[in-house]
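Quick notes on the structure that follows.
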Amino acid sequence: MKNNNPLIIIGAGIAGLCTSFYLTKNNIPHIIIERGEIANTWINERWDNFYLVNPNWAIKIPEFGFGSKHFPSEDPDGYLNKIETVNYIQNFAEHIGSQIYTNENVNNISKKNNEYIIKTSKRILKSNTIILASGAFGKSYIPPINTELSNEILQLHSAQYKNPSQLPEGGVLVVGSGQSGAQIAEELLENGKKTWLAVSKCGRRPRRYRGKDSSWWNYEMGSFNKTVENTPFEQRWTCSPHTSGSRGGHDINLIDLEEKGLTLCGTVKKCDSNKILFNNNLFENLNFSDQHAINWAKKVDQYINANNLKMPNETIAKDLRISNNKTHNINEISAPKDIASIIWATGFRYDYNWIDLDITNELGYPIQKRGITKFEGLYFMGLQWMHSSKSAQFVGVAEDAEFVVNDIVSKL
């Protein structure tokens with residue numbers, strides 16, 4: 001690179017490593033700086049029984065994807081668990097032989113003339129090119145109403161939850177019914193915890209339908225290839241429909257879990273020192289979840305008919321257990337009397353306050369186009385919806401990495 005300063009990648013997750021792979025292929029000197037360990041997010045921000053929700057065949061990492069001699073499973077329809085995923089990423093890092101500096105946090109990035117100045121916890125570096133691969137989702141977010149609760153209640157974000165033994169005796173409330181919240185609530189229930197789930201407006205995703213995994217249908221129908229150009233902003237940031245890759249992959253149906261003992265509530269309205277109040281929207285949100293599955297199945301049916309595919313017959317009908325007359329809305333629960341802990345499965349927010357450049361819009365989202373920013377030599381990698389719906393996933397991250405590296409090569 002210019003001035004003999006190596007290109008710097010920030011983050012040794014799969015996005016940073018895929019970028020490093022293509023830089024090496026193009027003989028571009030670079031280093032990776034990682035705040036923790038390789039695959040740090042997977043190690044520290046996933047619970048112990050975490051499984052990927054896309055099957056093995058959907059892992060398309062260069063020279064390391066499913067079908068390669070390096071892949072840890074020969075089952076295309078299996079799902080990697082947390083330990084397998086961490087080992088997979090770390091083995092990929094070893095495979096590409098990148099120069100990675102771990103346990104080194106980047107505290108600040110600024111720019112002087114045409115050079116970026118990177119201040120880390122260990123040194124000051126300079127480079128003409130930086131790739132920010134510091135995480136798809138940013139920092140964990142808990143709504144500020146949580147500060148009103150009694151200090152006697154243990155509060156964790158879903159990124160901090162590891163397993164049921166981490167929680168004190170007593171009930172637990174999970175807030176949010178997307179991928180993480182629904183799976184965590186199921187695990188707690190199965191482990192004998194008295195569990196409440198504050199149900200948000202999230203769809204449910206059938207694990208299998210008409211002979212194929214739902215990820216297969218989404219891939220086949222082009223859902224993974226939806227880009228920011230043809231997907232309105234509000235559709236990109238909807239709650240992730242819940243399903244599970246554990247136990248060989250299975251459905252998560254909140255009404256099924258309710259029949260097994262899970263207590264369902266509406267969304268959290270407010271908190272005070274001894275209780276939590278809920279909105280009267282449980283029926284609305286359960287109905288939304290059910291209708292999402294029905295609408296998705298209709299799209300699959302239409303695709304099958306349009307392409308004359310021979311698939312088993314199956315129908316997803318309205319769940320008659322969901323009824324405005326039968327759905328019991330809980331107005332409030334006592335805390336800490338009823339619950340001893342809360343897990344906030346309330347998502348993440350981007351935070352780039354450590355970068356002294358105007359790189360986000362008024363909503364805090366990075367300003368970029370397929371990783372390229374208005375600042376020459378500054379790139380993003382691995383963001384959710386960076387370019388397409390698969391940008392932050394094992395099925396699509398390599399495509400974006402190759403694109404970013406090709407742009408860098410074109411400007412040498």
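The single condition from (1) outside any loop (DSSP other than H, G, I, E, B); (2) hydroxyl-bearing (Ser, Thr, Tyr); (3) at pLDDT 95 or above; (4) surrounded by fewer than 19 Cβ atoms within 10 Å (Cβ to Cβ) that residue 68 fails is (1). Which of (1) in contact with a Phe, Trp or Tyr (Cβ under 8 Å, 6 or more places away or on another chain); (2) under 24 Å from residue 46 (Cα atoms); (3) in a strand (DSSP E or B) does residue 342 not meet, given it meets every other one? Failing condition for residue 342: (1). Residue count for the range 311-350 under the criterion of being more than 29 Å from the chain's Cα centre (by Cα), closer than 19 Å to residue 288 by Cα and charged (D, E, K, R): the result is 2.
If the condition is being crowded, with 21+ Cβ neighbours inside 10 Å, of a type outside the set (A, V, I, L, M, F, W, C) and under 20 Å from residue 89 (Cβ atoms), then the range 372-392 contributes 382, 390, 391.
Checking 110, 134 one by one, the residue that is closer than 17 Å to residue 15 by Cβ and either small (Gly, Ala, Ser) or assigned to a loop (DSSP other than H, G, I, E, B) (or both) is 134 and no other. Residue 335 meets each of the listed conditions (1) closer than 30 Å to residue 220 by Cα; (2) at pLDDT below 95; (3) not basic (Lys, Arg) apart from (1).
Scanning the range 119-169 for residues that are in contact (Cβ under 8 Å) with a residue 60 or more places away in the chain, touching an Asp or Glu at 6+ places or on another chain (Cβ under 8 Å), of a type outside the set (S, T, N, Q) and surrounded by 14 or more Cβ atoms within 10 Å (Cβ to Cβ) gives 138, 149, 159, 162.
All conditions in (1) in a loop (DSSP other than H, G, I, E, B); (2) within 27 Å of residue 343 (Cα to Cα); (3) modelled with pLDDT of 95 or more hold for residue 329, with the sole exception of (3). Restricted to the range 345-365, and to residues there that are in contact (Cβ under 8 Å) with a residue 40 or more places away in the chain and part of a strand (DSSP E or B), the residue that is farthest from residue 201 (Cα to Cα) is 355. Residues in the range 369-411 that are free of Cβ contacts under 8 Å to residues at least 40 places away in the same chain, part of a loop (DSSP other than H, G, I, E, B) and more than 22 Å from the chain's Cα centre (by Cα): 373, 374, 411.
Just one of (1) within 20 Å of the chain's Cα centre (by Cα); (2) surrounded by 15 or more Cβ atoms within 10 Å (Cβ to Cβ) fails for residue 44. It is (2). The single residue among 285, 305 that is in the same structural domain as residue 173 (by TED's automatic domain parsing), closer than 19 Å to residue 221 by Cβ and assigned to a helix (DSSP H, G or I) turns out to be 305.
Would you check if residue 91 is outside the structural domain of residue 158 (by TED's automatic domain parsing), under 30 Å from residue 129 (Cβ atoms) and either part of a helix (DSSP H, G or I) or in contact (Cβ under 8 Å) with a residue 40 or more places away in the chain (or both)? Yes: the conditions hold for residue 91.
Conditions (1) buried (at least 19 other Cβ atoms within 10 Å of the Cβ); (2) of a type in the set (Gly, Ala, Ser); (3) modelled with pLDDT under 90, marked per residue:
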| position | (1), (2), (3) |
| --- | --- |
| 236 | no, no, yes |
| 246 | no, yes, no |
| 254 | yes, no, no |
| 268 | yes, no, no |
| 272 | no, no, yes |
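Here residue 222 does not fit the description of being farther than 23 Å from residue 400 by Cβ and either within 18 Å of the chain's Cα centre (by Cα) or outside the structural domain of residue 399 (by TED's automatic domain parsing) (or both).
Kindly provide the set of residues from the range 1-60 that are assigned to a helix (DSSP H, G or I) and among the charged types (D, E, K, R), ordered by number. Listed by number, the residues that qualify are 2, 25. Inside the range 180-199, residues that are in a loop (DSSP other than H, G, I, E, B) and either out of contact with any strand residue (DSSP E or B) (no Cβ under 8 Å at 6 or more places or on another chain) or among the aromatic types (Phe, Trp, Tyr) (or both) make up a count of 2. Beta carbons closer than 9 Å, at least 6 apart along the sequence or on distinct chains, pair a first residue in the range 43-54 that is touching a residue at least 60 places away in the same chain (Cβ under 8 Å) and aliphatic (A, V, I, L, M) with a second that is part of a strand (DSSP E or B) and surrounded by 19 or more Cβ atoms within 10 Å (Cβ to Cβ) for 53/242; 53/244.
The values are calculated or read from the model by the stated rules, or taken from the named source; none is laboratory data. Predicted model only: the values in this text are computed from it and were never measured. With ideal geometry, Cβ positions are generated from the backbone for all residues, glycine too; neighbour counts draw on all protein chains shown.
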